[in-house]
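Following: one structure in structure tokens, then a few remarks.
No value in this document is a laboratory result; all are computed from the given coordinates. All values reported here derive from a predicted model rather than from experimental measurement. For neighbour counting, all protein chains shown are included, and Cβ atoms are generated from backbone atoms with ideal geometry for every residue, glycine included.
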Amino acid sequence: MYQSLLLICFCLLCLAPGAIAQEEVDYSREGFKSAWYVPDGAVLQHAGNMGMFAMGPHYTTHTRRVAAELLFGFLPRFQAERNQYLITLKPLYQPFRIGLKSGHSITPLRAGIGLSYHFGDQYSLAWHEKYPKGYYWWSTRLRILGYAGSSFNFRLKDQTKLIKELCLYSELGTYDLVLTSLIKEKGLRPWDILNLSVGVRVSF
């Protein structure tokens, strides 16, 4: 449990590289909105090796090319032996957008490499001492994820409201264990290790 709390704190710090102490605190609406801990949006995702459903805050840079999400995922019991919970740090690189005459836009490519941490006694960061050192290179608690996809971005007409933009996206993804299986096992094909995820993001 102590390790889990440390990991959550680490993820939050990763999302806030610009967090520094200030002599004066701005409690105005504009000051609150520009604070490092206030997200630029919120995400709800289905599948993608991050849980059956995952949701969390979305942070982006001024240019929108680089973003990061901290998603809390849930996998129900009927898909596993017990309910499972995980947290995923999901960085994103979105090199450009294609603007449409309607004011909306398309993001042809959004991709990244993320890290998932699984909660539960059935997972561990290190293998039992009965296994020789280096016998397994991977941890049951941590998963490295890869994903790439595209999105359609709906810019809302009334920009005075809380939600400024609605984004619908889909991604193809995989993770470290099945990726190495593709290399070792000749019978596997690329689509055997890929999964499809869909999601929605609202921007503030």
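Here are the numbers for this structure:
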read-out	value
Length added when fully stretched, residue 53-residue 150, from 0.36 nm per residue minus Cα-Cα	33.0 nm
Contact order normalised by residue count of region 40-203, Cα under 8 Å, 6+ apart, percent	21
Linear extension gain, residue 192 paired with residue 160, 0.36 nm per residue minus alpha-carbon span	7.0 nm
Where N is the number of residues in region 40-203, Cα Rg divided by 2.2 N^0.38 Å	1.18
Vicinal HN-Hα couplings computed from phi for region 45-61 (Karplus, 6.51 cos²θ - 1.76 cosθ + 1.60; Hz; Gly/Pro x)	10, 10, 6, x, 6, 10, x, 4, 9, 9, 8, x, x, 10, 10, 9, 7
Estimated FRET transfer efficiency (residue 106, residue 178; beta-carbon r; R0 30 Å; 0.05)	0.55
